[in-house]
1. State the number of residues belonging to region 140-166 that are closer than 15 Å to Trp59 by Cα and of a type outside the set (Ser, Thr, Tyr).
2. Test Arg153 against the criterion of being more than 20 Å from Ala18 (Cα to Cα), modelled with pLDDT under 95 and not polar (S, T, N, Q), and give yes or no.
3. Among the numbered conditions (1) assigned to a helix (DSSP H, G or I); (2) surrounded by fewer than 14 Cβ atoms within 10 Å (Cβ to Cβ), tell me where Val50 comes up short.
4. Can you name the number of the only condition in (1) at pLDDT 90 or above; (2) surrounded by 17 or more Cβ atoms within 10 Å (Cβ to Cβ); (3) charged (D, E, K, R) that Arg74 fails?
5. For Gly120, indicate whether it is buried (at least 16 other Cβ atoms within 10 Å of the Cβ) and part of a helix (DSSP H, G or I).
6. Scanning for something closer than 24 Å to Arg74 by Cα and more than 14 Å from the chain's Cα centre (by Cα), does region 159-169 turn up at least one residue?
7. Condition check: within 14 Å of Arg135 (Cα to Cα), surrounded by fewer than 17 Cβ atoms within 10 Å (Cβ to Cβ) and free of Cβ contacts under 8 Å to residues at least 40 places away in the same chain. Does Glu87 satisfy that?
8. Filtering region 95-117 down to residues that are under 16 Å from the mean Cα position of the chain (by Cα) and of a type in the set (Asp, Glu), which residue is surrounded by the most Cβ atoms within 10 Å (Cβ to Cβ)?
Amino acid sequence: MNEVQLIRSQLALERAHAAAVANAWATALQGDAAAEPASDTQGLFRGAGVEYLACVLAWFEERDQRLLDLVQARFGSSDPLRRAFEEVLARPGRSREALTKLELACAGSAAPDPRARERGWREFAEYFNGAWSTRRDALDALLSSSSRTSDWRSFAGIDADSILEERRRYAQVRGQVPAGITLATPQDRA
């Protein structure tokens, strides 16, 4: 496996882990789980999950900015590839928007109404699985033709420390999963 494949693999893993966390928390609040305030176990899971998602979404937001900077430096304003990247990067689904929805979901977690608690997390998960993931898929498609290792290094910002940090944070989430909730990536479900 070459370096570009390793970087792409790590990006895909971060996306899969983030999806697993977002979907597990939305599931934890459905039905009976939403009937009463979060248990200590759910609170610990929510805390670890929020920390994980906030970190990973911030990384993706930073990557998008570095990618935009790279594209603008590399391609002229009339270049079709530059216009394609700028169009996708301008679409709804930015990580900053996902972070705002995450913040709203966290704020709603203290609501006395179980439906209100569930709604915030469901809306976050729907946004994450919808607009955010669709935008990421479009960026991945545009990036699939790029094989310049220096470009991948530059915008991805992945190194051994960040890989270990992601693994540590995800392990914390895995260690706090409440009974009856599955923390599964899409690959695990297939």
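1. Looking only at that region, the number is 13.
2. It is true that Arg153 is more than 20 Å from Ala18 (Cα to Cα), modelled with pLDDT under 95 and not polar (S, T, N, Q).
3. All conditions are met except number (2).
4. In the conditions (1) at pLDDT 90 or above; (2) surrounded by 17 or more Cβ atoms within 10 Å (Cβ to Cβ); (3) charged (D, E, K, R), Arg74 misses (2) alone.
5. For Gly120, the condition - buried (at least 16 other Cβ atoms within 10 Å of the Cβ) and part of a helix (DSSP H, G or I) - is met.
6. Checking region 159-169: at least one residue is closer than 24 Å to Arg74 by Cα and more than 14 Å from the chain's Cα centre (by Cα).
7. Values: within 14 Å of Arg135 (Cα to Cα): yes; surrounded by fewer than 17 Cβ atoms within 10 Å (Cβ to Cβ): yes; free of Cβ contacts under 8 Å to residues at least 40 places away in the same chain: yes.
Taking the combined requirement at face value, the residue satisfies it.
8. Glu97
The values are calculated or read from the model by the stated rules, or taken from the named source; none is laboratory data. The structure displayed is predicted, hence computed values, not measured ones. Please note: Cβ atoms are built from the backbone with ideal geometry, for glycine as well, and neighbour counts cover all protein chains shown.
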